[in-house]
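To start, the structure itself, in structure tokens.
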Amino acid sequence: MSVRAVAVAAQDGEVPARHRNAYLLGLLPALVVLAAVTLAPALYLFVTSLTPASPTRPDSLFDFSDPLENYLSAWSDPRFGESVWIQVKLSVSTVVAQVLLGLGVALLLNRRSRLLTALRTVFLIPMVLPPIVAALIWKILYTPDVSPLHRALASSGMPVSSLITNPDTALWAIAVADTWQWFPFTMLIILAALQMVPREPIEAAQVDGASRFQILWHILLPAIRSSIVVAVLFRLIDSIKAFPLIYVLTSGGPGTATQVTNYYAFTQAFNYAYWGYASAIAVMLTAGVFVLSLAISRAADVRIDE
Amino acid sequence: MPVSTTDGETSAPGVNWADRLGDGALALALLFVCFPIVWLVQMSFRPNEDILGYRLLFIPTFQHYRALAESQFLRSFLNSVLSSGISTLIALIVGTPAAYVLARWRFRARSRIAMWILATRMAPQIAFTIPFFLAFRVIGLSDTVLGLALIYLTFNLALVIWMMRSFFESVPRTLEEAAWIDGCSLWGTFFRITLPLTAPGLAATAVLCFIFSWNDFFYALILTRTNAMTAPVAIVNFMQYEGWEWGKMAAGGTLVMLPVVIFTLLVRKWLISGLVSGSVKE
């Protein structure tokens, strides 16, 4: 037994040997179920991605004659490349907007008062709304005949045509709706971090005549840096899953203007039943999320595991 | 911008206008957050003749809610309750003991398991959907409530393990050790002493599991047709197959968001740790 192992055992108050089996008994069911619902599907997805699986040919599920075909055709599929680019635009714009808006509101709420504590709860609501309800709300706001905003603009002599049917604005309309739903998330994480910042350096800086901006830039931002990185990571991961908003507002259109990679995989799998090809896209998307998350947490030196 | 953590009082001169500006910005943000939700709710009470009206004074009607009650919506609402409830129950039964073990037993693969749980949080849903879809066709679970409950375990189980572990870690070991000395078995101690002490945490975890399952749209859209259709999918079907009945859609949306908003107010303290389960050092 190494010195370190002894130290760990001593610090934990060593586990009586007779408990070992009892512990295993409690742990194993969860591991078995977790493996059944996550590992097994992941393996199956990978296997399917090596076949030309589709419902028209029943034997295609086990046809491994050309295993890399799906990956190669994704490489030469311009719509796949386009979907990745749309994804990048959507993810980057929403994450930046959510961090800036979240930071701003968190700074405004970071004062001790009863009223502001109550307000914090109100700011929580968009984030917990069922995404489909958020999508419905924005469908109403973006449909000119129904939207109070469109009609208010029209009656004041500045009619605006629908943003979600215009290929130039559709993606940004979705980005606004997504920011509405998720900036509370970045706000809460940043607010929690702000409340942990010690008061003394701030007071010292105030005495020395530092401006609010200087305090923000030199004291607060460095102190909450790792929390911002965590917020960015989680929003980035989830932005790649964005689905209900796109499904309800634009269905990936007009044309393919809002067809992100996730949505493209969905249409390939469930509109055209190219299961093999869609699996290959899903595998690449998953790998992309993992690599990106690792890269960001490494670069920012924030540990996201234990 | 009031960046200081003082109680609102500030000593620096010329700061008052900055505070005012901050309050104004906050009011704008509040309007941005609330207005869309309020608009949906008020729409659900407007009579059809005046569904697009924006005069504040109108006679509220329940006609849209009544129409929903007479439609298939009630059944999809029930499906939502059942699939979320069953999934939450299974996740708690299977996940709570595992969370306890991870909190108490330091073994080598412990951090591997934590990493695994985090990885399930990162994977896009489409990656789980395709294999589940193909498997359910064969084993006959497509379009069933049980099938949905199973796929919800992909996130619920990880959530239970993550949250309950931190609750168990906050229970002092000495209590358990005393029970062991009195001859109580490990799991006997767990059920008689540790679990009752973490009851509020267990309740919060259950509520979060329920909310996350309740909010699901993607899995239900793909894995159900008519039998097991959930409320969020039913709302989208109003849009696609029944023409644009805004009042009915608004009423459906209001009903689906109601339980979530109520539950959120109950568990807001734990909400963030649930949403970022897997992140941040302990």
| remark: The number of residues in segment B:55-70 that are touching a residue at least 40 places away in the same chain (Cβ under 8 Å) and surrounded by fewer than 17 Cβ atoms within 10 Å (Cβ to Cβ) is 2
| task | Spot the failing condition for B:Asp143; the list is (1) over 18 Å from B:Ile117 (Cα atoms); (2) touching a Gly at 6+ places or on another chain (Cβ under 6 Å), and only one is missed. | result | (2)
| message | Among the residues that make up segment A:132-144, is at least one of them in a loop (DSSP other than H, G, I, E, B) and surrounded by 16 or more Cβ atoms within 10 Å (Cβ to Cβ)? | response | yes
| message | If I ask for residues that are facing chain B (nearest Cβ under 7 Å), without any contact (Cβ under 8 Å) to a residue 40 or more places away in the chain and crowded, with 24+ Cβ neighbours inside 10 Å, which ones from segment A:257-306 would you list? | response | A:Ala265, A:Phe266, A:Ala269, A:Ala278
| query | Across segment A:240-249, what is the number of residues that are at pLDDT below 90 and either touching a Cys at 6+ places or on another chain (Cβ under 8 Å) or more than 8 Å from every other protein chain (Cβ to nearest Cβ) (or both)? | reply | 1
| task | Give the residue that is nearest to B:Asp23 (Cα to Cα), with candidates limited to residues of segment A:112-150 that are among the polar types (S, T, N, Q) and within 8 Å of chain B (Cβ to nearest Cβ). | result | A:Ser113
| task | Give segment A:20-68 a look and list any residue that's within 14 Å of A:Met284 (Cα to Cα) and assigned to a helix (DSSP H, G or I), or say none. | result | A:Ala42, A:Leu43, A:Leu45, A:Phe46, A:Val47, A:Thr48, A:Ser49
| remark: The condition of being in the same structural domain as B:Thr129 (by TED's automatic domain parsing), under 30 Å from B:Ala119 (Cα atoms) and under 23 Å from the mean Cα position of the chain (by Cα) holds, among B:Met249, B:Met164, only for B:Met164
| Which members of segment B:148-169 meet the condition of being among the aromatic types (Phe, Trp, Tyr) and closer than 12 Å to B:Thr88 by Cα? | B:Tyr152, B:Phe155
| request: Determine, yes or no, whether A:Ile202 is surrounded by 23 or more Cβ atoms within 10 Å (Cβ to Cβ) and either at the interface with another protein chain (Cβ under 10 Å from one of its Cβ atoms) or at pLDDT below 90 (or both). | output: no
| Within segment A:156-181, tally of residues that are in contact with a Pro (Cβ under 7 Å, 6 or more places away or on another chain), in a helix (DSSP H, G or I) and away from every other protein chain (no Cβ under 12 Å) | 1
| message | Could you list, ordered by first residue, the pairs with Cβ atoms under 7 Å in which the first is in segment B:89-115 and more than 9 Å from every other protein chain (Cβ to nearest Cβ) and the second is of a type in the set (D, E, K, R) and surrounded by fewer than 22 Cβ atoms within 10 Å (Cβ to Cβ), at least 6 apart or interchain? | response | B:Ala103/B:Glu169
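Yes or no, residue by residue, for (1) in a helix (DSSP H, G or I); (2) within 12 Å of another protein chain (Cβ to nearest Cβ); (3) under 23 Å from the mean Cα position of the chain (by Cα); (4) free of Cβ contacts under 8 Å to residues at least 24 places away in the same chain:
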site: B:Phe191; (1), (2), (3), (4): yes, yes, no, yes
site: B:Ile222; (1), (2), (3), (4): yes, yes, yes, no
site: B:Val233; (1), (2), (3), (4): yes, yes, yes, no
site: B:Asn237; (1), (2), (3), (4): yes, yes, yes, yes
| Looking at this structure, is A:Leu153 away from every other protein chain (no Cβ under 11 Å), of a type outside the set (Ser, Thr, Tyr) and in a helix (DSSP H, G or I)? | yes
| Breaking point among (1) of a type outside the set (D, E, K, R); (2) within 17 Å of B:Leu31 (Cα to Cα); (3) surrounded by 21 or more Cβ atoms within 10 Å (Cβ to Cβ), for A:Gly104 | (3)
| task | Return the total of residues in segment B:22-70 being over 17 Å from B:Glu245 (Cα atoms) and outside any loop (DSSP other than H, G, I, E, B). | result | 17
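Matching residues to (1) surrounded by fewer than 17 Cβ atoms within 10 Å (Cβ to Cβ); (2) over 35 Å from the mean Cα position of the chain (by Cα); (3) at pLDDT below 80:
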site: A:Val3; (1), (2), (3): yes, yes, yes
site: A:Val6; (1), (2), (3): yes, yes, yes
site: A:Ala9; (1), (2), (3): yes, yes, yes
site: A:Val15; (1), (2), (3): yes, yes, yes
site: A:Val32; (1), (2), (3): yes, no, no
site: A:Thr38; (1), (2), (3): no, no, no
site: A:Leu43; (1), (2), (3): yes, no, no
site: A:Ser49; (1), (2), (3): no, no, no
site: A:Pro58; (1), (2), (3): yes, yes, yes
| note | Scanning segment A:164-186 for residues that are over 16 Å from A:Leu141 (Cβ atoms) and within 15 Å of the chain's Cα centre (by Cα) gives A:Trp182, A:Phe183, A:Pro184, A:Phe185, A:Thr186
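The values are calculated or read from the model by the stated rules, or taken from the named source; none is laboratory data. Fair warning: this is a prediction, and the values are worked out from it, not measured in the lab. Note that each Cβ is placed from the backbone with ideal geometry, even for glycine, and that neighbours are counted across all protein chains shown.
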